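Visitor: A single structure is presented below for examination.
Each reported figure results from applying straightforward, stated rules to the coordinates on display, with no laboratory input. Note that the structure is predicted; figures quoted are calculated from it, not measured. Please note: Cβ atoms are built from the backbone with ideal geometry, for glycine as well, and neighbour counts cover all protein chains shown.
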């Protein structure tokens, strides 16, 4: 399974991911960050990772451009935006930010875990891959 990088101001999403992993009998390294810059540094060290980024009204203007940039810089990363019900009003804008998914409830974590659990870090190819050999995400 890909490593997990979480950017959030609290520990709530991390608890939900750990619980879902434990219930599924899975393990993966989890890096928790409290700053967006630290999240980017962790992603640079692990460019093929599942990245959960907490989105709030207060950080929306900073997060969305960063998500677009990281989606281009790190095409092997699976970027998930983590919010709450207050973000339902801007859910479609969040979906347009090049994220792979938007979770507005921690109850969605097990469903997303089942989607990303089978993903493994890609190996470094000996040669350039042809278009037929490129990775296609299952969503």
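Visitor: Where does the chain land at 222 nm, in deg cm²/dmol rounded to the nearest 500, when only DSSP H runs of n ≥ 4 count, each adding -39500 (n - 2.57), divided by all residues?
Guide: Taking each H run of at least 4 residues, the total per residue is -10500 deg cm²/dmol.
Visitor: Would you mind ranking 72, 106, 34 by Cβ crowding within 10 Å, fewest neighbours first?
Guide: Ranked by crowding around the Cβ, least crowded first: 72, 34, 106.
Visitor: Right, here's the next one. Angle between the Cα long axis of helix 60-73 and the longest principal axis of the chain, 0 to 90 degrees, nearest 10?
Guide: Result, in degrees: 0.
Visitor: How do 17, 98, 112 line up, fewest other C-beta atoms within 10 Å first?
Guide: On the way: 17 23, 98 13, 112 20.
Placing the least packed residue first, the sequence is 98, 112, 17.
Visitor: Measure nothing but the geometry: give the 0 to 90° angle between the long axis through the Cα atoms of 12-24 and the longest principal axis through the Cα atoms of the chain, rounded to 10°.
Guide: In the chain, helix 12-24 runs at an angle near 50 degrees to the longest axis.
Visitor: Under 8 Å for C-alpha pairs, at least 6 residues apart: give me the relative contact order for the stretch 4-118, rounded to a whole percent.
Guide: Working: 160 pairs, mean separation 31.9, N = 115.
In percent, rounded to a whole number, it is 28.
Visitor: Grab the Cα-Cα distance for residue 58 and residue 18, subtract it from 0.36 nm times how many residues apart they are, and report the gain in nm with one decimal.
Guide: Using 0.36 nm per residue and subtracting the Cα-Cα distance, I get 11.8 nm.
Visitor: Let me ask you something else. Shape call for the stretch 1-73 from the C-alpha gyration tensor, a ≥ b ≥ c root eigenvalues: rounded (a/c under 1.5), prolate (a/b greater than b/c) or oblate?
Guide: oblate
Visitor: Which of 9, 71 has the fewest other C-beta atoms within 10 Å, and how do the rest follow up to the most?
Guide: 9, 71
Visitor: Taking only Cα atoms, what is the 0 to 90° angle, nearest 10, from helix 36-45's long axis to the longest principal axis of the chain?
Guide: 20 degrees
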